[in-house]
Amino acid sequence: MSEHDSSRARRDAARERARAARAAEQSRRRRLRTLGISGIIVGGLAVVAVVVLVIANSVQPAGPGPRNTASDGVLLTGVRGRIVPVETRAVPDGGTPTPTEQDGSKTAITIYADYMCPYCNQFETAQMPRIRQWVEDGTATLELHPLGLLDRVSLGSRYSTRSAAAAACVADHDPDAFLAFNSSLYDHQPSESTRGLTNDELASLAREAGATDPAVTPCITRQDFAGWVADATNRAMNDPVPNSSLDGITSTPTIIVDGEQYNADGAASLADVDAFAAFVREHGRTS
């Protein structure tokens, strides 16, 4: 090879190295631009995600209801002399309750009540022993609907809602203890125009009533089912009452026996065992 050819080869090699270096630099810059754009996009998406999450949390609807309240109430029936809850699915997000099918084989007693309502307590104290007997011997069923109607009389503590939500926790996690807890809430009923029991005290009552599932206490203290109570109360007040001719619940207690409302004439008849038993005999199938 001549000196001229050798010089040309060196120049060509240098040009090739320079071209390769420029190509590598251009490729590096393209990668940096892509990463920058990707970072902006990812960062933007992250901001959007946070904003969406905040908005979603601010307008998030109430969660699903408790299990064993498909009708917005807890249905209890007799099995071999024992009162047991009928297990059902929860009302899903955005769903509607499923009315209990009443086939006419047993007297169906349905009670809409508020745990701060003194008249509900009078009915509970006087009538529940006989109702329990009817359910135990298989001649009646009992369906209990806890409502939050009297929040206004608990000095801002929303005791009606909190106690009903506590009952919902027991229904969901330890339903066999529901009826005992229901009775305990009346035994420890606060006076109107007081703040009522704290959530911790409600959880303690639940444990004493036999609700030993470890999920019950945090459910009560967090008020997991307060949203469901509000929804169920709204439905009870504004929608036709299933298995009856009522357009809605206007007061507590509302007692329905096989579709007929027990029109108690004041506290005396709520506590009148004979009057209620006569009403059940007339309208139901209980002897």
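The values are calculated or read from the model by the stated rules, or taken from the named source; none is laboratory data. As the structure is a computational prediction, the values presented were derived from the model and not from experiment. In this analysis, Cβ positions are derived from the backbone assuming ideal geometry, glycine residues included, and neighbour counts consider all displayed protein chains. SASA here: full protein model, heavy atoms, side chains in, ligands and nucleic acids out. Shrake-Rupley method; radii C 1.70, N 1.55, O 1.52, S 1.80 Å.
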Verdict on ALA211 being aliphatic (A, V, I, L, M), out of contact with any Ser or Thr (no Cβ under 8 Å at 6 or more places or on another chain) and in a loop (DSSP other than H, G, I, E, B): yes
Quick one: count up the residues across the range 127-138 that are open to solvent by less than 40 Å² (accessible area, probe 1.4 Å) and farther than 26 Å from ALA166 by Cβ. 2
Leading residue by the ranking (surrounded by the fewest Cβ atoms within 10 Å (Cβ to Cβ)) among those in the range 105-122 that are under 20 Å from SER244 (Cα atoms) and in contact with a helix residue (DSSP H, G or I) (Cβ under 7 Å, 6 or more places away or on another chain): THR107
Residue among SER193, SER184 that is among the hydroxyl-bearing types (Ser, Thr, Tyr), modelled with pLDDT of 95 or more, open to solvent by less than 30 Å² (accessible area, probe 1.4 Å) and in contact with a helix residue (DSSP H, G or I) (Cβ under 6 Å, 6 or more places away or on another chain): SER184
The residue that is nearest to GLN102 (Cα to Cα), considering only those in the range 250-282 that are assigned to a loop (DSSP other than H, G, I, E, B) and open to solvent by 30 Å² or more (accessible area, probe 1.4 Å), is ASP258
Quick check: anything in the range 79-90 aliphatic (A, V, I, L, M) and surrounded by 22 or more Cβ atoms within 10 Å (Cβ to Cβ)? no
Hey, can you tell me all the residues within the range 170-181 that are small (Gly, Ala, Ser) and either open to solvent by 40 Å² or more (accessible area, probe 1.4 Å) or more than 18 Å from PRO66 (Cα to Cα) (or both)? ALA180
Those residues of the range 145-164 which are open to solvent by less than 10 Å² (accessible area, probe 1.4 Å) and either more than 25 Å from LEU75 (Cβ to Cβ) or in a helix (DSSP H, G or I) (or both) amount to SER154, TYR159, SER160, THR161, SER163, ALA164
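Conditions tested, residue by residue: (1) within 27 Å of SER157 (Cα to Cα); (2) open to solvent by 70 Å² or more (accessible area, probe 1.4 Å).
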site: ARG207; (1), (2): yes, yes
site: THR221; (1), (2): yes, no
site: VAL241; (1), (2): no, no
site: SER245; (1), (2): no, yes
site: GLY248; (1), (2): yes, no
site: GLY284; (1), (2): no, no
